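Quick one: structure below, then a few questions.
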Amino acid sequence: MSHDRNIWVSLPVPAILIAPDDSIEDINPAAEGFLNLSAKSVIGVPVWDIIAVNDPLEDAFDRARASGTPLFVNDVDVGSGQRAPLQSALQIAPLSGAEGHMLMMISPRELAGRMTQNHSVKSAAKSAIGMAEMLAHEIKNPLAGITGAAQLLSMNLPADELELTDLIVAESRRIVKLLEQVEQFGNLNPPQRQAVNLHDVLDRARRSALLGFGAQMKIIEDYDPSLPMALGDKDQLLQVVLNLLKNASEAAGEGGGTIRLRSYFEHSFRLRRADGTGQALPLQIEIIDDGPGLPDHIRGDVFDPFVSGRENGTGLGLALVSKIISEHDGWISVTSVPGQTVFRISLPRAAAQKEEE
């Protein structure tokens, strides 16, 4: 069967060529990246053994083949055994001039969502944080006076009447802590990027978590030992991973749970900016937990400032994570269902940056 190899390799969306017996005849590089599987490993394998879809498609697929008509399926979860499902659109059509052969193209919704988030996160963060930054200093000054006055009053009160002054001091300190987080969000220095071993970052974060907030958790390492060096700020990336591990640990509660730290290389993943320039982001980190999942009402907004699924949460942790990754020219996304939440970070490799320079 003949088809233009250059067009096939250049297609920016995952594409799968399916033989008349429903086995996979070929996949393009974008599909290798999406499935996290090599073409060699899937050729000849039944397509439905590789492609997992949350709606039964076999009958509709057979009808499309028999009638020679295309099939379009929107908003289905598509994945493989090597990656979490992503909401996608499927486009399936007969291959012209090759009877019985079908072409399947997968358009992950995640890409559009992550692109929109990446372009808007800086302006959204500035608008949400700007007023708080201006007020933070003015609010902290009277709070310091209120705290001091409450402490002076407590010195002349009997022990059984200290409850109210203790409450004033405790609540004032809580507000100051929130304001300091707001100031930290706005004052974060630009990343000092250099070659970073991501596994060193993950290991430091894992050890810190197990000694502190994640003592009740089981943390599993699932690393690609051949992963190249990333281009990033080691301390800021450590802050990102620690924040995600803390969120997963808090979501699990006192009973604990399991977190999987996964790294892998996805050579076809590339960010295209609004000005037309591109950036390859082949280095992938996933923080996967088996907790209850994100609440439905915040799932699409978790990276926005002041959005939190926890009672008394500030909603700044994930906003800070998103800001750091955005300033690394990377992407971050989340997929979440009860029993599995996956935060995925995509970063550039150090060698690629040196070659561009």
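The values are calculated or read from the model by the stated rules, or taken from the named source; none is laboratory data. Note that the structure is predicted; figures quoted are calculated from it, not measured. For neighbour counting, all protein chains shown are included, and Cβ atoms are generated from backbone atoms with ideal geometry for every residue, glycine included. What goes into the accessible areas is simple: the full protein's heavy atoms, side chains included, and nothing from ligands, DNA or RNA. Shrake-Rupley method; radii C 1.70, N 1.55, O 1.52, S 1.80 Å.
Sorted by accessible area with a 1.4 angstrom probe, largest first, how do K323, K234, K218, K40 fall?
Most to least solvent-accessible, the answer reads K40, K218, K234, K323.
Right, something else. Ordered by residue, what ³J(HN,Hα) values in Hz, to whole numbers, does segment 244-255 give under the Karplus form 6.51 cos²θ - 1.76 cosθ + 1.60, where θ = phi - 60° and Gly and Pro are x?
With the stated coefficients, segment 244-255 comes to 5, 5, 5, 4, 5, 5, 5, 5, 6, x, 5, x Hz.
Modelling each spin label as a point 7 Å along the Cα-to-Cβ direction, I'd like the L143/E163 distance in nm, to one decimal.
2.5 nm
Roughly what would the spin-label model give for V337 and S226, points 7 Å off Cα along C-beta, in nm?
Going from the V337 label point to the S226 one covers 3.1 nm.
Give the peptides 25-32, 198-205 in descending order of average Cβ contacts within 10 Å, highest first.
Taking the mean over residues of other Cβ atoms within 10 Å, the ranking is 25-32, 198-205.
On to the next question. Taking amide H atoms as placed 1.01 Å from N in the peptide plane, list the residues 5 or more away in sequence, or in a different chain, whose amide H sits under 5 Å from that of K218.
So K218 has HN proximity to G257, T258, I259.
Check which residues have an amide H placed less than 5 Å from D329's amide H, if you skip close sequence neighbours.
Long-range HN contacts for D329: none found.
Return the carbon/sulfur percentage of the accessible area of segment 1-108, one whole number, probe 1.4 Å, all protein chains in place.
52 percent
Let me ask you something else. Between I7 and D77, what FRET efficiency comes out of the Förster formula 1/(1 + (r/R0)^6) with R0 = 41 Å and r the beta carbon distance, rounded to 0.05?
Given R0 = 41 Å and the Cβ-Cβ separation, E is 0.90.
Continuing with this model, one more query. Can you tell me the relative contact order of segment 1-100? Whole percent, Cα pairs under 8 Å, sequence separation 6 or more.
It rounds to 21 percent for segment 1-100.
For segment 13-95, just say rounded, prolate or oblate: build the C-alpha gyration tensor, square-root its eigenvalues into a ≥ b ≥ c, call rounded for a/c under 1.5, and beyond that prolate if a/b exceeds b/c, oblate if not.
Oblate, because a/c is 1.5 or more while a/b does not exceed b/c.
Something else: Using the heavy atoms of the protein chains and a 1.4 angstrom probe, tell me the accessible area per residue for segment 7-49 in square angstrom.
Using a 1.4 Å probe on heavy atoms only, each residue of segment 7-49 averages 41 Å².
Between K40 and D235, take the C-beta separation as r, use R0 = 41 Å, and let me know the FRET efficiency to the nearest 0.05.
Result of the calculation: an efficiency of 0.55.
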